[in-house]
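The structure under discussion appears below in the form of structure tokens.
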Amino acid sequence: MSAFTIDKDAVLDFAFDWSAWLADTETIASHVVTPTDGVTVDSSTEDSGVVTVWLSGATAPRQKVTCHIVTSDGREDDRTITLNVRER
């Protein structure tokens, strides 16, 4: 799990890089990004095995955001980042 420090007023992008984990011909068929209460997912996209998510509105001191993927081969996995919210 990765941790990042952000300001409560920040609107930032974060990348979940699955490219090294995917098999050579495997792709991400779908992804779902789920935040804890207190942070907003503005949008998310996937390109070449990397899910990029735009986040805003972090309010609590610590937030978690999980990216769940399903691959073209039917494999599923999650990765979670922690956001430490502080004035910067």
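Quick look at the values:
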item	result
Residue in segment 61-83 that is more than 11 Å from the chain's Cα centre (by Cα) and on the phi > 0 side of the Ramachandran plot present	yes
Within segment 42-53, tally of residues that are over 14 Å from Thr82 (Cα atoms), in contact with a Phe, Trp or Tyr (Cβ under 8 Å, 6 or more places away or on another chain) and surrounded by 15 or more Cβ atoms within 10 Å (Cβ to Cβ)	4
Residues satisfying the stated conditions in segment 17-41, i.e. closer than 18 Å to Asp73 by Cβ and surrounded by 15 or more Cβ atoms within 10 Å (Cβ to Cβ)	Trp18, Leu22, Glu26, Ile28, His31
Selection from segment 1-17 of residues that are touching a strand residue (DSSP E or B) at 6+ places or on another chain (Cβ under 6 Å), over 13 Å from Ile81 (Cβ atoms) and in a loop (DSSP other than H, G, I, E, B)	Lys8
Failed criterion for Asp13 (all others in (1) crowded, with 16+ Cβ neighbours inside 10 Å; (2) in contact with a Phe, Trp or Tyr (Cβ under 7 Å, 6 or more places away or on another chain); (3) charged (D, E, K, R) hold)	(1)
Positions within segment 65-88 being closer than 23 Å to Ile28 by Cα and surrounded by fewer than 16 Cβ atoms within 10 Å (Cβ to Cβ), in sequence order	Thr66, Val70, Ser72, Asp73, Gly74, Arg75, Glu76, Asp77, Asp78, Thr80, Thr82
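Here, each number is a calculation from the coordinates, and none is a lab measurement. Since we're looking at a predicted model, the values are computed, not measured. Here the Cβ is made from the backbone with ideal geometry for all residues, glycine too, and neighbour counts use every protein chain on show.
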